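Report on one structure; see the data block that follows.
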Amino acid sequence: MPIKDEVCRRWIIEPSLSMSESRRGCTIVLMQKEAFCELESQLSSKSAALACRAAHAPMDEECIGLPTEAEYENYLAQDGAVVISPDGQLLGMGTYFKGGPGGRKATAAWLPTVMSADRECIVVVTSQDGPIYLYWATGIERQAKGIRLDFIQNLKANPIEVEVEID
């Protein structure tokens, strides 16, 4: 799933680092708008991944400009996940997923595995203890992969350009 550098920096890296430094937890889910709409349409199904309809963030058409950094961090500090698209559109906030094994990190590792193979999903979790984790699923069997990302704080290089080797 291609993500523009400025989207990754503005909506994922910088807020995750800020939340980590202030010892506040958050969850950012990155998925295509179509995949999110599909999850919302299955809400009444017993096997639905969403637990409730997400509160939708103000879209560009509804307000002037994008949320400020403080407004976005406020969205992140609320219960539930903030869901964004690869082009930086805020799709939902306060989003709860059901069927996962429990807490924020466990649910973040579970969510990409339940998406269909043609629906990519990446989840970034910032723990209240400080570490930042990235989860995604690969392959037909949708096996979860994860990596701890708080090493970014110590890098002198641009974190967008850092190549991470994954098994």
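The values are calculated or read from the model by the stated rules, or taken from the named source; none is laboratory data. Just so it is clear, the structure is predicted and the values come from calculations on it, not from any experiment. Ideal geometry is used to build each Cβ from the backbone, glycine not excepted, and the neighbour counts take in all protein chains shown.
For this structure, a couple of remarks:
- Which numbered condition residue 32 fails, given (1) polar (S, T, N, Q); (2) free of Cβ contacts under 8 Å to residues at least 60 places away in the same chain; (3) over 14 Å from residue 74 (Cα atoms): (2)
- The range 68-111, subset among the acidic types (Asp, Glu) and touching a residue at least 12 places away in the same chain (Cβ under 8 Å), residue farthest from residue 40 (Cα to Cα): 69
- Counting the residues of the range 113-135 that are surrounded by 14 or more Cβ atoms within 10 Å (Cβ to Cβ) and modelled with pLDDT of 85 or more gives 12.
- Qualifying residue in the range 27-37 (condition: at pLDDT below 90, surrounded by 16 or more Cβ atoms within 10 Å (Cβ to Cβ), out of contact with any Asp or Glu (no Cβ under 8 Å at 6 or more places or on another chain) and outside any loop (DSSP other than H, G, I, E, B)): yes
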